[in-house]
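All remarks here apply to the structure that follows.
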Amino acid sequence: MQWLDALVQGVLLGGMYAQYALGMALMFGVMRIVNIAHGDLMILLALTGISLATAFSLGTMSLIAVLVPLAALLGWTLQRGILNKAVGEDPLPSLIATFGLSIAVQNLMLQIWSADTRSLRGGGLESASIDVGGVYVGVLPVIVLVTAIALTAGLDFIVRATRFGRGLRAAAADTEAAAVTGVDPKSIYAVSTAIAVAILGIAAVFQSLRATVSPADGPAQLIYAFEAVIIGGMGSLWGAFVGSMVLGVAQAIGFRIDPGWGILFGHLVFLAALAIRPEGVMKRG
Amino acid sequence: MSLSVIVLTALVAMPWWADSGWIRWAVELSCYIAIAQMWNLLAGYAGLVSVGQQAFIGAAGYALFILCQKFGVNPFLAVPLALIVPALLSVPTYLLLYRLDGPYFAIGTWVVAEAVRLLTTNLDYVNAGAGLTLRVMAQYRLHEREIAMTMLSGILLLVTVGGSYWLLRSRHGLALTAMRDNPVSAGSQGVNVSRLRFFVFVAAAVGTGFAGAIYYMAQLRITPASGYDPKWASISIFIVMIGGIGSIEGAIIGGLIYFFPDRFFSQYGASYMVVLGCLTLFMAIYARGGIWGLVASRFDAPWFPVGRRLALPAAGERKPS
């Protein structure tokens, strides 16, 4: 029973990780950019959300409605202002640029919000749980997981079936050839970063409802997202989702063995996955 | 070249002419330059961008402390022995991560560093999260310790900066420079890119570990949080990107530029880091060659000449064809 419980909690935790990993999978799949500031942007949005919610006493739904457009705008500006200048064959400039951004954002947040941990009140939602055959399942984590599934399915549909998705896949396959056939890679890039960061906006609200956030939390979230993407297989959206589940379960089981081992267990499973199946669990062949 | 001999001699002679504060600064600065130089070799030449070099800093530091405190090895003898640990750690790290390209390799190294940090934090043998203190150093007088520290720093600079210089002047240097400019075409010209990368990764791990061992020997104390601090990665990136990537001079200039303002401005803490972060961002987009790149584009006077020139035979010597 204890292990079943760990498994269930792990899958629920994975739902949270899937929300971070989705944006990263999209950005990597399209632009081959790893945004080192990914986690920091999420924390920035979470802290902004908490401040907005306190200032205007917003409920959870209205906060999401405010924060997501704000996040999309942030992503669009980031791509237009910084990343489009750094994207190229050589991955180093974008890596270093986002690394610098990450340090700057982290310390800026430290200035504005201080090092305190904060969280969002969800009016009882955060502590509600239901008893499913002896395993207590939190209502909020289930909502997070369902949202993650919906987001992955929705994004997968957009990439597969829409005009924008076709342009995006074309730009990913060959930037120059796509540009010749009338796709504007720079604007495709800007829109996909906007989508990636908008998803982070949703993740930020859930993260601050579920747990606490503080300015230094970003790098850890980046690492979880990254591990999920690699375990699942680079560039695959459902792969990132499955990778998040694997990571969540590994951490939950690790925490059961010894509270100090949870995160470490996640890292070890990631390294083992890298050694055994470097192409990711979702890749065929 | 003669300048570097003077600097090295002055450094080693410091216990006889400088006060303790200055010596401590010089030792720390040497460590920063060494770590940055190793990062430069990795990122600038081998195309292996790592943000997990702190794994080797912490590992070598811990190895030193364990050898001294648990096995009673002489601390100065323990420094070279401690370097076996980063070397041993770097081999499986590379074998696990080399399949990941570019930015993914970078975050992969970070994961390894985090895993090693968490492993150390959970080990009671090394006092878990509380860390270790180098008590054996108390048996030496301050002056003796200072002589040893400046000697070690001198050797460190000789090995890392001098070693990079030697490596780049050697036959492998040509291969490394070719790899820096374009790994694919270097491979097609007969450069064994993967073997060279592996060699550079292990060498950089040892060099970085050497600096780590000396740094924590000077600090007399190590904890998992400080030894495996991602701050080390930020420092090497700042230094190399601001100074100029892909050149030996860049890491030295960057080291000086980072170190002295850091002493004066670090009291401003977070806002200083915001400025450094923005500066790195700016450099990555607009001035990829860093400060040395700007200098070198105007004056052709390298301190460490590792470039090669095409020497066309004079007209008279040309064979008729």
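Pairing each residue of region A:130-154 that is assigned to a loop (DSSP other than H, G, I, E, B) with any residue that is at pLDDT below 85, provided the two are 6+ apart or on different chains, yields C-beta distances under 8 Å for A:Gly134/A:Met1.
Candidates in region A:135-152 are the residues that are out of contact with any helix residue (DSSP H, G or I) (no Cβ under 6 Å at 6 or more places or on another chain) and not hydrophobic (A, V, I, L, M, F, W, C); of these, the one that is surrounded by the fewest Cβ atoms within 10 Å (Cβ to Cβ) is A:Tyr136. With the structure loaded, tell me whether A:Ile82 is under 15 Å from A:Ile33 (Cα atoms), among the hydrophobic types (A, V, I, L, M, F, W, C), in a helix (DSSP H, G or I) and facing another protein chain (nearest Cβ under 8 Å) or whether it fails that test. Yes. Of everything in region B:47-77 that is among the hydrophobic types (A, V, I, L, M, F, W, C) and free of Cβ contacts under 8 Å to residues at least 24 places away in the same chain, the residue that is surrounded by the most Cβ atoms within 10 Å (Cβ to Cβ) is B:Leu67. Pairs meeting the criteria (first residue in region A:1-21 and farther than 15 Å from A:Ile263 by Cα, second residue among the hydroxyl-bearing types (Ser, Thr, Tyr) and in a helix (DSSP H, G or I), beta carbons under 6 Å, at least 6 apart or on different chains) are A:Ala18/A:Ser244; A:Ala21/A:Ser244.
How about region B:126-135: which of its residues are in a helix (DSSP H, G or I) and crowded, with 16+ Cβ neighbours inside 10 Å? Reasoning before the result, please.
Here is the first cut: in region B:126-135, the residues in a helix (DSSP H, G or I) are B:126, B:128-130, B:135.
Within region B:126-135, just B:Val126 meets the criteria.
A single entry from A:Ala177, A:Ala196, A:Ala170, A:Ala148 fulfils the requirement of being more than 14 Å from chain B (Cβ to nearest Cβ), within 30 Å of A:Trp3 (Cβ to Cβ) and out of contact with any Ser or Thr (no Cβ under 6 Å at 6 or more places or on another chain): A:Ala148.
Report whether or not A:Ala211 is surrounded by 19 or more Cβ atoms within 10 Å (Cβ to Cβ), in contact (Cβ under 8 Å) with a residue 12 or more places away in the chain and more than 9 Å from chain B (Cβ to nearest Cβ). Give the derivation first.
Numbers: surrounded by 19 or more Cβ atoms within 10 Å (Cβ to Cβ): no; in contact (Cβ under 8 Å) with a residue 12 or more places away in the chain: yes; more than 9 Å from chain B (Cβ to nearest Cβ): yes.
It is false that A:Ala211 is surrounded by 19 or more Cβ atoms within 10 Å (Cβ to Cβ), in contact (Cβ under 8 Å) with a residue 12 or more places away in the chain and more than 9 Å from chain B (Cβ to nearest Cβ).
Check whether at least one residue in region B:264-276 is under 19 Å from A:Ser102 (Cβ atoms), over 21 Å from the mean Cα position of the chain (by Cα) and either basic (Lys, Arg) or not in a helix (DSSP H, G or I) (or both), and report yes or no. There is at least one residue in region B:264-276 that is under 19 Å from A:Ser102 (Cβ atoms), over 21 Å from the mean Cα position of the chain (by Cα) and either basic (Lys, Arg) or not in a helix (DSSP H, G or I) (or both). Scanning region A:223-258 for residues that are within 14 Å of another protein chain (Cβ to nearest Cβ), assigned to a helix (DSSP H, G or I) and either at positive phi or β-branched (Val, Ile, Thr) (or both) yields a total of 5. Taking the criterion of being on the phi < 0 side of the Ramachandran plot and in a loop (DSSP other than H, G, I, E, B), the residues of region A:89-129 that qualify are A:Glu89, A:Asp90, A:Pro91, A:Ala115, A:Asp116, A:Thr117, A:Ser119, A:Leu120, A:Arg121, A:Gly122, A:Ala128. For region A:2-52, the set of residues classified as surrounded by fewer than 22 Cβ atoms within 10 Å (Cβ to Cβ) and of a type in the set (D, E, K, R) consists of A:Asp5, A:Arg32, listed by residue number.
Checking each residue in region A:85-136 for being within 14 Å of chain B (Cβ to nearest Cβ) and among the small types (Gly, Ala, Ser) picks out A:Ala86, A:Gly88, A:Ser94, A:Ala97, A:Gly100, A:Ser102, A:Ala104, A:Ser114, A:Ala115. Screening region B:202-224 for residues that are surrounded by 22 or more Cβ atoms within 10 Å (Cβ to Cβ) and touching a strand residue (DSSP E or B) at 6+ places or on another chain (Cβ under 6 Å) and picking the one that is farthest from B:Ala87 (Cα to Cα) gives B:Ile222. When B:Gly254, B:Gly269 are screened for being modelled with pLDDT under 80 and of a type in the set (Gly, Ala, Ser), only B:Gly269 passes. Among the conditions (1) of a type outside the set (Gly, Ala, Ser); (2) outside any helix (DSSP H, G or I); (3) out of contact with any helix residue (DSSP H, G or I) (no Cβ under 9 Å at 6 or more places or on another chain), B:Arg195 misses just one, which is (2). Evaluated against (1) more than 14 Å from chain B (Cβ to nearest Cβ); (2) within 19 Å of the chain's Cα centre (by Cα); (3) among the hydrophobic types (A, V, I, L, M, F, W, C), A:Val139 falls short on exactly one condition, (2).
From the list A:Ile50, A:Ile36, A:Ile64, the lone residue that is in contact with a helix residue (DSSP H, G or I) (Cβ under 9 Å, 6 or more places away or on another chain), touching a residue at least 60 places away in the same chain (Cβ under 8 Å), within 26 Å of A:Ile112 (Cβ to Cβ) and within 14 Å of another protein chain (Cβ to nearest Cβ) is A:Ile36.
Yes/no matrix, rows are residues, columns are (1) closer than 21 Å to B:Arg24 by Cβ; (2) away from every other protein chain (no Cβ under 13 Å); (3) surrounded by fewer than 17 Cβ atoms within 10 Å (Cβ to Cβ):
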position: B:Leu256; (1), (2), (3): yes, yes, yes
position: B:Pro261; (1), (2), (3): yes, yes, yes
position: B:Phe264; (1), (2), (3): yes, yes, yes
position: B:Tyr268; (1), (2), (3): no, no, yes
position: B:Tyr272; (1), (2), (3): yes, no, yes
position: B:Val275; (1), (2), (3): no, no, yes
position: B:Phe282; (1), (2), (3): no, no, yes
position: B:Ala287; (1), (2), (3): no, no, yes
position: B:Trp292; (1), (2), (3): no, yes, no
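Note on region B:22-125: enclosed helices (runs of 4 or more DSSP H) holding 3 or more residues that are of a type in the set (Gly, Ala, Ser) and within 14 Å of chain A (Cβ to nearest Cβ) are B:102-121. Among the residues of region A:68-82, those that are modelled with pLDDT under 90 and aliphatic (A, V, I, L, M) comprise A:Leu78, A:Ile82. The single condition among (1) closer than 20 Å to B:Ser170 by Cα; (2) not in a loop (DSSP other than H, G, I, E, B); (3) not charged (D, E, K, R) that B:Ile242 does not satisfy is (1).
The values are calculated or read from the model by the stated rules, or taken from the named source; none is laboratory data. Here the structure is a predicted model, which is why all the values come from computation and not from measurement. Cβ sites come from the backbone with ideal geometry, for glycine too, and all protein chains shown count toward neighbours.
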